[in-house]
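Single-structure report; data block below.
The values are calculated or read from the model by the stated rules, or taken from the named source; none is laboratory data. Just so it is clear, the model here is predicted, and its values are computed rather than measured. Because the Cβ atoms are built from the backbone with ideal geometry, glycine has one as well, and the counts that use them run over all protein chains shown. Protein only, heavy atoms only, side chains kept; ligands, DNA and RNA dropped before computing areas. Shrake-Rupley method; radii C 1.70, N 1.55, O 1.52, S 1.80 Å.
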Amino acid sequence: MINRRRFIQAAGVWTLSSAVFSFAAERKPKILYFERSTIFAHSATQVGTDGLSPCGRSLKKLGASLGYEVECTKDGRIFDSDLDRFDAIISYACGSPDQLSRVKETFEHTPAATGTGKQQLLDAVRGGKGFLAIHAGIGPWSGYDQEKSPYDTCPPEKRTDFARLYGARAIPHGIPQESTLTVVDSSLPWLSTQKKKIKHYEEWFPLKDFNPDIHVILVQETAGMDINPKNRNKYYNRPPFPCTWARREEKGPVAYTSLGHFPESWDCGIVPGVVSDLMRFITGKAKLDLTPNIEKVTPGANILTNP
């Protein structure tokens, strides 16, 4: 009788364990995509009739092809929720998400992030959550929208937590133009199939205050770029600088790319190619040697030419 009871108990435990294991095995890695705008609503982040923006739509497709589920939102309160349910976070936010929106009401009217959510996001990344910032996503909480002069630089010890998290800070950009990118690390899957030099038409973010610990993947070549001051392109009159990179924020894998301004660029080519590689990296599906290389591949990155 005792043996039979023990057998039934053991069988019950085995059945429960099997169910839990089966549920865990079926769970897809989940990525949060956040795109709330307060300064400017990029057309790549404006929602269409299907409830998705061009960027969000592309990320969902990329996620599905890689075995991920992607949840898209513009609601800043998401960071107050349980972030443990996400394996990684992607941001294309423009401006600080805890501020009121200054863009047209038809484009953006969603709740702002809170101070608690901001800290919870930072803690999540430092605790091991993967994080990718795209294009304007390097701006939130970095001091970008409080800059007195684009030529102001800030020593590492005085930068905001998020400026250090991203690995650099932004400068106001000029008009779109074609430029050349140099692939300096081709170890990621899509980039491994590309030529060393890639031409692309983009709204290029000039960047500054680079962390010395970033591992550069793509270099923004500046030779031949339009530097007409009337178009604010004088910020490209400088040595080559990083365009895409990766680093680690304590335990969390972090990446950034300045690509992704135009909605049509999310359909095919370099933008979804690079982003899919970085998605693999921040979720641990692709490995990168994160040895800092900024001094080697872009030694003049922090040189700004003031006209």
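How would Glu157, Glu178 line up by accessible area, probe 1.4 Å, largest first? Could the numbers behind the result be given before it?
Working: Glu157 140, Glu178 110 Å².
If we order Glu157, Glu178 from most to least accessible, we get Glu157, Glu178.
Charges at C-beta only: +1 for Lys and Arg, -1 for Asp and Glu. How large is the resulting dipole of the range 180-278 about its Cα centre, in Debye rounded to 20? Walk me through the numbers before you get to the answer.
Working: 12 positive and 12 negative charges, 73 e Å.
Here the size comes out at about 360 debye.
Restricting to Cα pairs below 8 Å that are 6+ residues apart, what does the relative contact order work out to for the chain? Please round to a whole percent. Don't skip to the answer; put the middle values down first.
Working: 617 pairs, mean separation 54.7, N = 307.
18 percent.
Taking the simple approach of a point 7 Å from Cα along Cα-to-Cβ for both Lys285 and Arg248, what is their distance in nm?
Computed distance between label sites Lys285 and Arg248 equals 2.2 nm.
Please compute the per residue accessible area over the chain with all protein chains in place, 1.4 Å probe, rounded to a whole number of Å². Don't skip to the end; give the middle numbers.
Numbers: 14410 Å² over 307 residues.
Value returned for the chain: 47 Å² of accessible area per residue.
In whole percent, and with a 1.4 Å probe on the protein chains, what portion of the accessible area of the chain is carbon and sulfur?
Values: 7890 of 14410 Å².
Here it works out to 55 percent.
Quick one: how many lysine pairs in the range 149-307 have C-alpha atoms under 25 angstrom apart, if they're 8 or more apart or on different chains?
27
When the convex hull of the C-alpha atoms of the range 89-239 is computed, what volume per residue in Å³ does it have?
Numbers: hull volume 23.1 nm³, N = 151.
Spelled out: Cα convex hull of the range 89-239, divided by residues, is 153 Å³.
When N is the residue count of the range 198-298, what does its C-alpha Rg come to as a fraction of 2.2 N^0.38 Å?
On the way: Rg = 14.4 Å, N = 101, 2.2 N^0.38 = 12.7 Å.
Compared with the compact-globule rule of thumb, the range 198-298 sits at 1.14.
Which entry in [x] 58, 42, 41; [y] 60, 58, 40; [z] 91, 42, 41 is this structure's computed Cα extents along the principal axes in Å?
Entry [z].
What's the magnitude of the charge dipole for the chain around its Cα centre, counting Lys and Arg as +1 and Asp and Glu as -1 at the beta-carbon? Answer in Debye, nearest 20. List each step's numbers first, then the result.
Details: 39 positive and 34 negative charges, 151 e Å.
For the chain, the charge dipole is close to 720 debye.
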